[in-house]
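Nothing in this text is a laboratory measurement; each read-out follows from the coordinates by a stated rule. Nothing here was measured: the structure is a model prediction, and the numbers come from that model. Cβ coordinates were reconstructed from backbone atoms using ideal geometry, including for glycine residues, and neighbour counts include every protein chain displayed.
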């Protein structure tokens, strides 16, 4: 480990060769990482590089398969959240662990409220909370229900809670993703104060420009390995190279020839002036037959909200959606289906599948209505169709009666896609189609996308995986804060160009997210 | 990559290979509730000489009928991830209305029966409207109906039993020596429930909504409309149960079937349905209702006090679901 910094401060935390596998996926494959007292150590990596898995290992949510964790130089076992707490390790997740109905003070001291004779001592609790809130610069009263605070306020309550636990190692998972630039500045001030108090901070961010502003060192993860440790003032280009580290073209076998030939054809999907108050605005785009249009943008830019509205899953306030020239009524999934739209939602288990039902039943979910005669569903016919599509997509299963819950992520995704292929959808909307599935299955899905577009389907694909968007799309729409910030052709699109549009500025250095705070 | 195995090569339950004993064994292994029922029957047959007599078994069937019919309806609600607490009250209200239409108003029997069924159906529809369009949780909506329908039954009957015309009493009787009408109605309604669940679009939608409501919505299932259908059906089944119950007693009691919703839910759950939704079968529910009836009947034959009977039934419910959860976990 090469350390350029002159005085090596006390080491708080070290991991050596951490390895963690899930069925079919190697999430972490030898991660070496160390954190010193009084530093901000940035953890950088693409989606799926293993950052979340690593912090889950450190916070006790996962148990590593191999490797060691050392706290203050001593090997430790972090067997659960409680163990992490005892070791002075606190994590602030993207989803806050707060109870909105309870007060700020109650949230900070949840489960360990100061007590007198078994009764919660509210006065002491609120006074203690006040001291902590002052430290993080929150002016709200400790009695305010957390639900009344904005996102930034809730984050500060999480930090105050971590401080109350005498945290020495603070892990922050993309804390700036949901903040406005002003809030980011305030967060940074507090992080610096904690650093000067000797706390070690693991800081995850996707915003490269934040790294020199807040970080001391950077560890880059790629494909579950730590591939480099560099100072925070490393040029962005070098960081990106470390993160990506491979030839994008090889991994994304997009065959583009056909799409160029069809460039003049009529659009299959046309969206114009779509608006939903406070969520997205003025969204217009087209997708032609044979084309893959990617939607890139930061989490929270409104991408999912737009495609859900286009698909009729949620209502919208104004605008038109046309499929092959036919206007959709809006807010009606069935009408979208009959017009030829299909949606593969971002949360496979939560939105795409009936986990306890069979492969056959899941594949028949859309088509069973049309397969009804005289009120009775032709399940035999549906089963045959299901067998046919499962075969075509190469779904690996014990049989059509296997519960989809027990399939691997990639095969589950094939079932969700297969459902819409059976429904004869001509326009497929894929929201994060390869999230959480292994590399082999990813390539199969890319090949399927190629086959579909080659046979005249249109694909609209949201992805937070930049190389994937760049590799698979014929055109890329970049969304930022509920608007389409720009459109790039496959040739123009680079990671930098996409990120510049996504962040909402082309000149780095100026305040990067100036617009009004998004709805709390 | 390719799968050349044809559908169901592993989970094939159809007989074919193996002799009948093997088939029976497999069915019992696949179905915990059925095995429990068989074990229960065997034990009771050994412990009491009166148990395995035709009269007694028919008696068990009649005792199970009302609970089973209610439970078939509740199965729809539970499979779709909901619940219906109002079935007992709706059954009583429908029974009282049957008496009111036929005896008080002097309408023909057939019309009275149709209107009584309509009464329960409308109650169910109201539940459905509250749940689908009022966005009330099913627990709350049907809890309100539990109170309201019971109240209406009292209002219409002024708190007194309403006599049914003699011409309707056949519904509660036995045809010939061994054909109790309540059992026939139970089997008929069970068949209807089975077909609805397994074969109709609404039935398949119940599994989809209970399995994952958002996935169902995103697959083009009109969830709200289907919930309306579901709770309306539950109301219809409750009305039929109410008519059978009233006919058996030859009078409609405004406080009949009090607490039956809990027996119905117990029958559904013992039958293998999951309160989380997405899982459940009409055959399972029938077995669940039979287990409850057999247990009560057997405990009576063995002279166990009514108080202890309640304790035993509580234990059985807990055990049934516990075993099922354990079986599923492995």
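Descriptive notes on the structure:
- Antiparallel DSSP beta bridges within chain A, as percent of all bridges there, nearest 5: 55
- Cα convex hull of the stretch A:21-122 - mean projected area over all directions, nm²: 9.4
- Label-to-label distance, nm, for residues given as residue B:47 and residue A:79 (7 Å Cα→Cβ offset): 4.3
- Prolate/oblate/rounded label for chain B (Cα gyration tensor, a/c 1.5): oblate
- Among A:457, A:207, the ranking by other beta carbons within 10 Å of each residue's beta carbon, starting with the fewest, stands as A:207, A:457.
- Here the residues B:86, A:52, A:79, ranked from fewest to most Cβ neighbours within 10 Å of their Cβ, fall in the order A:79, A:52, B:86.
- Shape analysis of the protein assembly as shown places it in the prolate category; the axes a ≥ b ≥ c from the Cα gyration tensor give an a/c of at least 1.5, with a/b above b/c.
- Between the helical axis of A:151-164 and the longest alpha-carbon principal axis of chain A there is an angle of about 40 degrees.
- Computed [θ] at 222 nm, deg cm²/dmol, chain B (DSSP H ≥ 4; -39,500 (n - 2.57); rounded to nearest 500): -23500 deg cm²/dmol
- Shielding by other protein chains, B:243-252, mean Cβ within 10 Å: 0
- Peptides A:495-503, A:469-477 ranked from most to least packed, by the mean per-residue count of other Cβ atoms within 10 Å: A:469-477, A:495-503.
- Three-way shape label, the stretch A:11-245, alpha-carbon gyration tensor, a/c 1.5: prolate
- For A:396-407, mean number of other protein chain Cβ atoms within 10 Å: 3
- Chain A: calculated mean residue ellipticity at 222 nm from DSSP helix runs of at least 4, using -39500 (n - 2.57): -9000 deg cm²/dmol
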